[in-house]
Amino acid sequence: MKRLLLGLMLASPSLLWAQGSQVNTQSQKAVGMAGAGSALFIDEASIFYSPGALSKMDHNAVSVGASGVMYRSAFRELNSNDVHNTRFQVTPPFSVFATFGPNNSWWKAGIGVYTPFGGAVDWGDAWPGRYELNRLALRAIYIQPTVSFRLTENFGIGGGFVYNVGSVDLSRSIPTSAANGQPASGELTGTGTGIGFNVGVHYHLENEFALSLSYRSKVVTKVNGGEAQFTVPSALQSSFPNTTFDAELPLPASFNLGLTFPVGERVDIAADATFIGYDIYKELVFDYADNTPVLSDTRQPKNYENAFSGKVGVNYKTSDHLTLRAGAGYVFTPVRGEFVSPETPDNNRVMGSLGFTYDINDRWDITGAYVLQHVLERTVTSAATGLSGTYKTNIHAPGISLTYKW
């Protein structure tokens with residue numbers, strides 16, 4: 001029981017660092033091209049994708065968008081034919097971007113509020129891994145004021161300060177029950193904050209070629225005073241006290257290269273490559289305010305690896321009002337086999353997407369997109385609990401955004 005309880009305490013925020021939790025839906029235009037387009041799109045979402053491009057906007061704008069991320073995973077335990085599925089639920093990552101400054105000027109400023117990490121998964125309390133996880137919901141909200149300067153007609157540079165507010169809510173079964181048959185469980189909840197930055201440059205040749213380079217720093221989110229609540233038989237309450245905990249949750253840095261070029265009067269090709277510094281996630285440490293022989297401060301190795309993703313997309317302006325998009329990508333997982341867990345049963349993945357933008361008039365436009373990510377099947381044995389089996393996962397993410405320009 002001690003090992004399982006410690007596993008409960010250790011598992012809570014790990015979804016934050018796996019590829020499954022990296023939410024790339026800040027721009028529905030980019031979503032329609034599988035995440036490519038950092039060099040192509042010069043708009044308010046450049047606050048996130050390419051701060052150096054922001055100064056090249058010839059107008060101001062406010063954009064509001066959201067996606068409905070549906071994470072569906074299945075698990076089959078080793079030597080069993082029973083398949084267990086996560087419950088259907090929708091996680092709504094959102095983004096709000098606003099720009100301001102003189103039109104056609106050498107500078108532009110803006111602010112973005114967006115969710116680059118987060119997710120939710122619910123396995124219930126009747127599957128073989130219930131002592132590893134029942135459900136998990138978490139979110140990291142970034143607030144980023146940004147300034148950008150156009151140093152020459154073709155070259156822009158920009159950057160912004162990032163303030164993060166993160167939250168986590170996890171539940172897991174404990175292998176004991178009350179006299180009335182009620183199963184024991186534990187729940188962790190907490191919020192934390194962290195700071196970082198985002199910088200980038202953008203270079204273009206008129207109607208020929210554009211290049212974007214951007215760097216988003218790591219953000220170490222510090223959780224102080226998170227709550228650990230236990231529902232256990234009265235005889236065990238002294239061993240499972242409701243208490244608080246402190247922890248540090250590192251969100252990885254990333255470096256992105258974007259390229260775009262035209263292949264016709266109305267068609268552009270864009271490609272993005274992203275290096276993600278997941279190797280900062282060496283271990284997960286919890287410091288509890290109250291300790292018992294069962295509940296002690298814990299330290300669990302994770303040893304994640306750096307990851308890489310590549311995306312390519314096509315942008316086709318069919319008319320003065322309608323633009324269509326499609327894209328594909330491949331993502332390498334940072335999670336080694338022995339550290340795969342039901343919070344995010346991650347593996348390398350392929351993705352495909354479709355999208356559109358319709359210009360309602362000179363002021364308003366609406367953008368929609370859909371991306372499917374297929375996580376490759378993976379058979380693993382957990383180093384923490386010994387749970388062994390095969391995971392299959394698909395992620396569906398339709399989304400929409402509305403933009404007002406002036």
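The numbers here are math on the coordinates, done by the rules we state, and not lab data. Computed from a predicted structure; not experimentally measured. All Cβ positions, glycine included, derive from the backbone under ideal geometry; neighbour counts span all protein chains shown.
So, R0 is 56 Å and r is the distance between the beta-carbons of PHE88 and THR152; what FRET efficiency does that work out to, to 0.05? Intermediate values should be presented prior to the final figure.
Details: r = 51 Å, r/R0 = 0.92.
Using R0 = 56 Å, I get an efficiency of 0.65.
Could you give each residue of the stretch 89-99 its phi-based ³J(HN,Hα) in whole Hz, using Karplus coefficients 6.51, -1.76, 1.60 with θ = phi - 60°, and x for Gly or Pro?
Whole-Hz 3J(HN,Hα) from phi for the stretch 89-99: 7, 10, 9, x, x, 10, 8, 9, 10, 9, 10.
Residues of the stretch 359-377 with backbone nitrogen within less than 19 Å of a virtual label 7 Å along the Cα-to-Cβ line of LEU324, please, listed as ranges.
Zone members listed by number: 359-360, 366-372.
To the nearest 20 debye, what is the magnitude of the charge dipole of the chain about its Cα centre, counting +1 on the Cβ of each Lys and Arg and -1 on the Cβ of each Asp and Glu?
The calculated dipole for the chain is roughly 280 debye.
Please compute the length gained on full extension between LEU376 and ASN224, using 0.36 nm multiplied by the number of residues separating them and subtracting their Cα-Cα distance. Write out the running numbers ahead of the final one.
Numbers: separation 152, 0.36 × 152 = 54.72 nm, distance 3.62 nm.
Full extension from LEU376 to ASN224 adds 51.1 nm.
Too long at a 24 Å Cα-Cα cut-off: which of LYS29/LYS392; LYS218/LYS405; LYS311/LYS392? Mind dumping the intermediate values first?
On the way: LYS29/LYS392 28 Å; LYS218/LYS405 32 Å; LYS311/LYS392 22 Å.
The answer is LYS29/LYS392; LYS218/LYS405.
So for the chain, taking the charge dipole from beta-carbon charges (+1 Lys/Arg, -1 Asp/Glu), which of GLY159, VAL294, ASN60 sits furthest toward the positive end?
VAL294
For the residue pair THR292 and VAL113, what label-to-label distance in nm results when each label sits 7 Å from Cα along the Cα-to-beta-carbon direction?
Reported label-point gap for THR292 and VAL113 is 4.1 nm.
Expressed as a whole number of Å, what is the distance separating the alpha-carbon centroids of the stretch 311-365 and the stretch 191-262?
Rounded to whole Å, the Cα centres lie 21 Å apart.
Hey, with R₀ at 41 Å, roughly what FRET efficiency would SER234 and MET70 work out to, going by the Cβ-Cβ distance, to 0.05?
Details: r = 40 Å, r/R0 = 0.98.
So the FRET efficiency works out to roughly 0.55.
So what are the ³J(HN,Hα) numbers for the stretch 186-194, from phi and the Karplus equation (6.51, -1.76, 1.60; θ = phi - 60°), rounded to whole Hz, Gly and Pro as x?
x, 9, 10, 9, x, 10, x, 9, x
Just want the answer: with Cβ charges of +1 for Lys and Arg and -1 for Asp and Glu, which residue in PHE48, PHE255, ALA235 is farthest toward the dipole's positive end in the chain?
Selected residue: ALA235.
Just one of [x] 16; [y] 42; [z] 10 is percent of Cα pairs over 43 Å apart calculated from these coordinates, so which is it?
[x]
Enumerate the calculated ³J(HN,Hα) couplings along the stretch 356-369 in order (Karplus 6.51 cos²θ - 1.76 cosθ + 1.60, θ = phi - 60°), each rounded to whole Hz, writing x wherever the residue is Gly or Pro.
7, 10, 10, 7, 5, 7, 5, 9, 10, 9, 10, 10, x, 7
Quickly work out the GLU206-to-LEU257 label distance, labels modelled 7 Å from Cα along the C-beta direction, and quote it in nm with one decimal.
It is 2.8 nm.
If you fit an axis through the alpha-carbon atoms of helix 2-11 and take the longest principal axis of the Cα set of the chain, what angle between them do you get, 0 to 90°, nearest 10?
10
Among the aspartates and glutamates, which have Cα under 19 Å from the Cα of LYS317 when same-chain residues fewer than 8 positions away are ignored?
Within reach: ASP43, GLU206, GLU208, GLU265, ASP268, ASP359, ASP362, ASP365.
For LYS317 and SER80 in one chain, what is 0.36 nm times their gap in residues minus the Cα-Cα distance, to one decimal in nm? Intermediate results must be reported in sequence, preceding the final value.
Values: separation 237, 0.36 × 237 = 85.32 nm, distance 5.13 nm.
Answer, rounded to one decimal: 80.2 nm.
What is the extension gain from GLU283 to TRP364, computed as 0.36 nm multiplied by their sequence separation minus the C-alpha to C-alpha distance, in nm to one decimal?
Once the chain is fully extended between GLU283 and TRP364, it gains 24.5 nm.
Below 8 Å between Cα atoms, with a sequence gap of 6+, how large is the relative contact order for the chain in percent? If you can, show how the numbers build up before the last one.
On the way: 1276 pairs, mean separation 80.6, N = 406.
The normalised contact order for the chain reaches 20 percent.
Using a 7 Å offset from the Cα along the Cα-to-Cβ direction at both ASN242 and THR390, what is the distance between the two label points in nm, to one decimal?
In this crude label model, ASN242 to THR390 measures out at 4.4 nm.
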